[in-house]
Amino acid sequence: MGVLSLIVQQTMLFSIPLLVVALGAVFTERGGVTNIALEGMMIMGAFTSIFFINQMQDKMSGQLLLLIAMLIAIVTGTVFSLFHAYASINLKSDQVISGTALNMFAPAFAIYVARMIQDNGVQQIGFTNTFRIKSVPVLGDIPIIGDLFFKNAYITTYIGLGILVLSVIIIYKTRFGLRLRACGEHPHAADSVGINVYKMRYAGVMISGALAGLGGLIFVVPTSTNFNATVSGYGFLALAVMIFGQWKPIRVFFAALFFGLMKTIASAYSVIPLLAASNIPSDVYKMIPFIATLIVLAFSSKSSEAPKAVAVPYDKGSR
């Protein structure tokens, strides 16, 4: 039971950041803009929020500090996404080039600013992890389920699942979601009935930036005690999760669980008896998530149909 609990808990820790960022990608893709800059937005969100934790951890701790840091990450990701939105929507720049530029800018900016503002001149931003919940009251006492899902957990796990539920409701059950999908699939038809396509696409990109910034924080906090201007390629992996999930939130959730399990095997193979007893080099296990990404995308590319959002440009000026 101990090994099973570890695998489930680690899978959730790796899956939730992927889920949150991939859901952000779903919003922007449904609106008609491809966001390659998820990696950079994750880095920027993690940078500002981890620096806030670093500065404030002597004055406060626990869940309140984490919640405030999450808000900072969301705001940072939203603001940073405006660069991509303006370049892609107003200037009609190549969306891949715009996203790539932001991905290159973000780590350089984080390293430079971290060295400038820290007294020791190092780029790593350290913090003390006081956010792990040893056992959720009442729920942690439930046999089996409590051990798997409600012990040694983070509040970010439950917030991520809440974002999944909200995403399903917003995309499929609200007027905003209907308009967003219309602006991605049939922008001129949406414009003809009075929908401001530019504003809706801005909203989609900003939502993706907010969730990517949040995803950067919730990736770093459970997996490290310092931030070094990297999120280990999770932004690109989130794009793979979105594609594997066929741009649909529920499928994205299961895709995130799959990749989270692969990541768990790569990092915790030494405590899994069957894998630990094998003579497979550790580097092979570290490659598993990325090998799985290539295999899954290769087999799913023919059956996955991208939303028409990617293929339908909108050149008319804003209303």
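If the only charges are +1 at each Lys and Arg Cβ and -1 at each Asp and Glu Cβ, what is the size of the charge dipole of segment 103-176 around the Cα centre, to the nearest 20 debye?
Dipole of segment 103-176, to the nearest 20 debye: 220 debye.
Determine the gain in length on full extension of the stretch Ala298-Met104; use 0.36 nm per residue of separation and subtract their C-alpha separation, reporting nm with one decimal.
Extending this stretch completely gives an extra 67.2 nm.
Can you give the net charge of the other residues whose Cβ lies under 15 Å from the Cβ of Pro249, counting K and R as +1 and D and E as -1?
Once positives and negatives cancel, what remains is +4.
Please work out the FRET efficiency for the pair Asp58 and Val193, using the Cβ-Cβ distance as r and a Förster radius of 51 Å; give the result to the nearest 0.05.
My answer for the efficiency is 0.40.
Starting from the Cα-Cα distance between Val3 and Leu139, subtract it from 0.36 nm times their residue separation and give me the gain in nm to one decimal.
Difference between extended and current length: 46.9 nm.
Is it possible to state the helix-based mean residue ellipticity at 222 nm for the chain, with each DSSP H run of 4+ residues giving -39500 (n - 2.57), the sum divided by total residues, to the nearest 500 deg cm²/dmol? What is it?
Dividing the helical sum by the residues of the chain leaves -23000 deg cm²/dmol.
Express the accessible area of the chain per residue in Å², computed with a 1.4 Å probe while the remaining protein chains stay in the model.
46
Which of the chymotrypsin sites (Phe, Trp or Tyr not before Pro) across segment 72-108 are loop residues per DSSP, with 16 or fewer other Cβ within 10 Å?
none
Under a GNM of the chain (C-alpha, springs under 10 Å), which listed residue has the highest mean-square fluctuation: Leu19, Leu257, Leu275?
Evaluated over the chain, the most mobile residue of the options is Leu275.
Could you work out how much longer the chain between Asn129 and Arg251 gets when fully extended? Use 0.36 nm per residue separation minus the Cα distance between them, nm to one decimal.
Difference between extended and current length: 40.8 nm.
With each label point set 7 Å from Cα along the Cα-Cβ vector, what nm distance links Asn226 and Ile68?
Rounded to a tenth, the inter-label distance reads 2.5 nm.
Which one of Val113, Val33, Val138 has the biggest mean-square fluctuation once the chain is modelled by GNM with Cα springs under 10 Å?
The residue with the greatest mean-square fluctuation here is Val138.
Let me have the relative contact order for segment 2-300, percent, based on Cα pairs under 8 Å that are six or more residues apart.
36
Report, to two decimal places, the Cα Rg of the chain normalised by 2.2 N^0.38 Å (N = number of residues).
The chain yields a ratio of 1.02.
Out of the trypsin sites (Lys or Arg not before Pro) in segment 245-288, which ones are loop residues according to DSSP with at most 15 other C-beta atoms within 10 Å?
none
Kindly flag which residue pairs out of Lys151/Lys173; Lys92/Lys173; Lys199/Lys248 have an alpha-carbon separation exceeding 27 Å in this structure.
Lys151/Lys173; Lys92/Lys173
List residues of segment 190-233, by number, whose backbone nitrogen lies under 17 Å from a label position 7 Å along Cα→C-beta of Ile291.
none
Mind jotting down the distance between the C-alpha centroids of segment 141-215 and segment 62-136, whole Å?
When both Cα centres are located, 20 Å separates them.
Have a look at Pro222, Val96, Ser267 and report the one farthest towards the positive end of the charge dipole of the chain, computed about the Cα centre with Cβ charges (Lys/Arg +1, Asp/Glu -1).
The listed residue farthest towards the positive side: Val96.
Treat every Asp and Glu Cβ in the chain as -1 and every Lys and Arg Cβ as +1, leave all other atoms uncharged, and give the resulting dipole magnitude about the Cα centre to the nearest 20 debye.
680
Please identify the DSSP H helices in the chain that span no less than 24 Å along the helix axis (Cα) and have a mean Kyte-Doolittle hydropathy of -1.0 or more.
For the chain, where a helix must reach 24 Å along its axis and average at least -1.0, the hits are 2-31, 38-56, 62-85, 95-117, 155-173, 197-223, 249-268, 282-300.
The values are calculated or read from the model by the stated rules, or taken from the named source; none is laboratory data. This one's a predicted model, so the numbers in the text were calculated from it and none came from an experiment. Counting neighbours? That spans all protein chains shown, and the Cβs are built from the backbone with ideal geometry, glycine included. Ligands, DNA and RNA are stripped out before the accessible areas are found, and what is left, the full protein with its side chains, is counted by its heavy atoms. Shrake-Rupley method; radii C 1.70, N 1.55, O 1.52, S 1.80 Å.
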